[in-house]
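Asks: Dumping the structure here so I can ask a few things about it.
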Amino acid sequence: MWLTNLKIVLPHRVMERGAVNIEEGQIAEIVEGDMRGRGLSAVGLTLVPGAIDLHGDMLERDIEPRPNAFFPVEVALYELDKRLASTGITTAFAAVAFAWHQNDLRTQEKATEIIRTIQRQREQLMVDFRVHARFEINNPETAGILQALLEDKAVDLVSLMDHTPGQGQYADVSRYIDFMEKWLDIPRELLENGAKERMKARIQADAETSRDWHVANEVCRLAREYHIPIASHDDDKPAKIDLMSGMGVSISEFPVTSAAIHYAREQGMHIIMGAPNAYRGVSNSGNLSALKAIKEGLVDILATDYYPASMLQVAFKLAHDGVLPLNESMKLVSENPAAAVGLRDRGRIAVGLKADLVLVEEAGAYPRIRAVLRDGHPIYWDAHMARLSQLTLQVDR
């Protein structure tokens, strides 16, 4: 199948007019110039690689859209699959948390159910769903859970988290309480008392020099054994970067301070920031601005975090605002995430790679996704594309 007369965003430049031939799910040929009368003519559209999201929290939120209002995992997964496809995401790492809040959703049993459901339904989904398993370092049962999941090849990315108030993402305890009160609908007094208890326990653990790092070490050892990439979450100090790097961590997710992100860059880590943060120019938690970090050349990867549409929207916005050329801004959501987790078969428009492609209409301030292909097959195709297809059939006759 030929897609012709497009603007094509290649890794090193933007081809203003060209064509791509797709055969057996791969990009077979890229040709510069007009190719009138051949294939599907998509004049006015821009072809970019499918977005690769390494950290999306949406599935858990779709399972429990309101506190204690649960929907079946399968229903949430199918609906999220459609939503991601329509936003140009062709590979999605669903972030699944183990034992953060100990509520009905983020329990070890529920997290395992979510992962098993993804594993069981993968072949039926439009988007290539993978699992990003998020483990709290203070959960003593983490290693055992991870062992079983890794043996079944059910986990594709592991991250280490510490959501104890008073450090990391929640260094400002009042911000932590404000967020949890709104998000989880928990009485403020309970949150304040819980935060005090967790902070007290953390101080005691630090004083005893245990800090449960034996759990983190075992998690990292297992991930390395199974060749699974490892990320750290909400890094706030160079000392933490050193600790994580020593355990084999290669990705720093959402660093929260300037000191941490600069040091992570010096250590050669891949750095992930939130696409919503970059689009809005400000962190929802009051931490480091992703846009500022991008301008300083400190960010490799953008992730949906909580808003899928932000991925391709921010790539085009960065180009529109003159922050980066489009071929460079697209790397933040395609080529670079693929490289960080070893997916060498996708992330770029290049001969021999998977035909995971997105056709975008750039007219106006907000680009519109018109079609999305995965392995060369349409998984999203709107009315505009249907009209183009009809015109092509009429020309062929």
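Asks: If you take just the helices (runs of 4 or more DSSP H) that sit entirely in segment 232-306, which of them hold at least 1 residues that are in contact with a Gly (Cβ under 6 Å, 6 or more places away or on another chain) and at pLDDT 95 or above? Spell out how you get there, then give the answer.
Replies: Details: elements: 238-246, 258-266, 275-280, 290-295.
Fully inside segment 232-306 and qualifying: 290-295.
Asks: OK, next. Among the residues of segment 106-131 satisfying the criterion of being at pLDDT below 95 and outside any helix (DSSP H, G or I), which is surrounded by the most Cβ atoms within 10 Å (Cβ to Cβ)?
Replies: R106
Asks: Inspect all residues belonging to segment 317-326 and state whether any of them is in contact with a strand residue (DSSP E or B) (Cβ under 6 Å, 6 or more places away or on another chain), modelled with pLDDT of 95 or more and either outside the structural domain of A275 (by TED's automatic domain parsing) or not hydrophobic (A, V, I, L, M, F, W, C) (or both). Talk me through it step by step, then tell me what you get.
Replies: Residues of segment 317-326 in contact with a strand residue (DSSP E or B) (Cβ under 6 Å, 6 or more places away or on another chain): 326.
Pick out the ones that are also modelled with pLDDT of 95 or more and you get 326.
Among the residues that remain, those that are also either outside the structural domain of A275 (by TED's automatic domain parsing) or not hydrophobic (A, V, I, L, M, F, W, C) (or both) are: none.
No: segment 317-326 contains no residue that is in contact with a strand residue (DSSP E or B) (Cβ under 6 Å, 6 or more places away or on another chain), modelled with pLDDT of 95 or more and either outside the structural domain of A275 (by TED's automatic domain parsing) or not hydrophobic (A, V, I, L, M, F, W, C) (or both).
Asks: Give me the strands (runs of 3 or more DSSP E) completely within segment 1-105, filtered to those with at least 1 residues that are touching a helix residue (DSSP H, G or I) at 6+ places or on another chain (Cβ under 7 Å) and modelled with pLDDT of 95 or more, ordered by residue number.
Replies: Numbers: elements: 2-9, 14-23, 26-32, 45-49, 51-56, 89-98.
Hits in segment 1-105: 2-9, 14-23, 45-49, 51-56, 89-98.
Asks: If you go through segment 46-55 one residue at a time, how many are of a type outside the set (V, I, T) and surrounded by fewer than 24 Cβ atoms within 10 Å (Cβ to Cβ)? Before you say what the answer is, go through the steps one by one.
Replies: So in segment 46-55, the residues of a type outside the set (V, I, T) come out as 47, 49-51, 53-55.
If we keep only those that are surrounded by fewer than 24 Cβ atoms within 10 Å (Cβ to Cβ) too, we end up with 47.
Summing the residues that are of a type outside the set (V, I, T) and surrounded by fewer than 24 Cβ atoms within 10 Å (Cβ to Cβ) in segment 46-55 gives 1.
Asks: Which numbered condition in (1) of a type in the set (S, T, N, Q); (2) under 20 Å from I30 (Cβ atoms); (3) outside the structural domain of S250 (by TED's automatic domain parsing) is the only one that S334 fails?
Replies: (3)
Asks: Pick from R348, R387: which is of a type in the set (K, R) and under 17 Å from L45 (Cβ atoms)?
Replies: The unique qualifying residue is R387.
Asks: Looking at segment 366-397, which of the residues that are modelled with pLDDT of 95 or more and of a type in the set (K, R) is surrounded by the most Cβ atoms within 10 Å (Cβ to Cβ)?
Replies: Looking at the filtered set, the residue picked out is R374.
Asks: Can you run down the residue pairs with Cβ atoms below 6 Å, 6 or more apart or on separate chains, where the first is in segment 217-242 and in contact (Cβ under 8 Å) with a residue 40 or more places away in the chain and the partner is surrounded by fewer than 16 Cβ atoms within 10 Å (Cβ to Cβ) and in a helix (DSSP H, G or I)?
Replies: Cβ pairs passing all conditions: L222/Q147.
Asks: Can you tell me which residues in segment 227-262 are surrounded by 20 or more Cβ atoms within 10 Å (Cβ to Cβ) and over 22 Å from the mean Cα position of the chain (by Cα)?
Replies: K240
Asks: Here are some conditions: (1) without any contact (Cβ under 8 Å) to a residue 24 or more places away in the chain; (2) in contact with a Pro (Cβ under 8 Å, 6 or more places away or on another chain). N21 meets all but one. Which one does it not meet?
Replies: Just one mismatch for N21, condition (2).
Asks: Which one of the conditions (1) without any contact (Cβ under 8 Å) to a residue 60 or more places away in the chain; (2) touching a helix residue (DSSP H, G or I) at 6+ places or on another chain (Cβ under 7 Å) does G297 fail to meet, given that it meets all the rest?
Replies: Of everything listed in (1) without any contact (Cβ under 8 Å) to a residue 60 or more places away in the chain; (2) touching a helix residue (DSSP H, G or I) at 6+ places or on another chain (Cβ under 7 Å), G297 misses just condition (2).
Condition check ((1) under 20 Å from the mean Cα position of the chain (by Cα); (2) in a loop (DSSP other than H, G, I, E, B); (3) β-branched (V, I, T)) across all residues:
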{"site": "L318", "(1), (2), (3)": "yes, no, no"}
{"site": "V333", "(1), (2), (3)": "yes, yes, yes"}
{"site": "N336", "(1), (2), (3)": "yes, no, no"}
{"site": "A339", "(1), (2), (3)": "yes, no, no"}
{"site": "G347", "(1), (2), (3)": "yes, yes, no"}
{"site": "V358", "(1), (2), (3)": "yes, no, yes"}
{"site": "A365", "(1), (2), (3)": "no, yes, no"}
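The values are calculated or read from the model by the stated rules, or taken from the named source; none is laboratory data. What you see is a predicted model, and the numbers here were worked out from it, not measured in a lab. FYI the Cβ positions are ideal-geometry reconstructions off the backbone, even for glycines, and counts take in every protein chain you see.
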